[in-house]
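Shown next, in structure tokens, is the structure this report addresses.
The values are calculated or read from the model by the stated rules, or taken from the named source; none is laboratory data. Here the structure is a predicted model, which is why all the values come from computation and not from measurement. Cβ placement follows ideal geometry from the backbone for every residue including glycine, while neighbour counts extend to all protein chains displayed.
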């Protein structure tokens, strides 16, 4: 499957930009839907 490995964003109000580069994709890591509920995400901080 195709995956975006780079994203470029530009703030047109001030001209600043951000570049995100992704690598080492990991799939099927054992996470479940419960790992992404509000309480679980608060604990992850």
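Key figures for this structure:
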item: Hits in the chain - residues which are outside any loop (DSSP other than H, G, I, E, B), at pLDDT 95 or above and over 16 Å from the mean Cα position of the chain (by Cα); result: 10, 17
item: Positions within region 18-35 being surrounded by 10 or more Cβ atoms within 10 Å (Cβ to Cβ) and either touching a strand residue (DSSP E or B) at 6+ places or on another chain (Cβ under 8 Å) or under 17 Å from residue 1 (Cα atoms) (or both), in sequence order; result: 20, 22
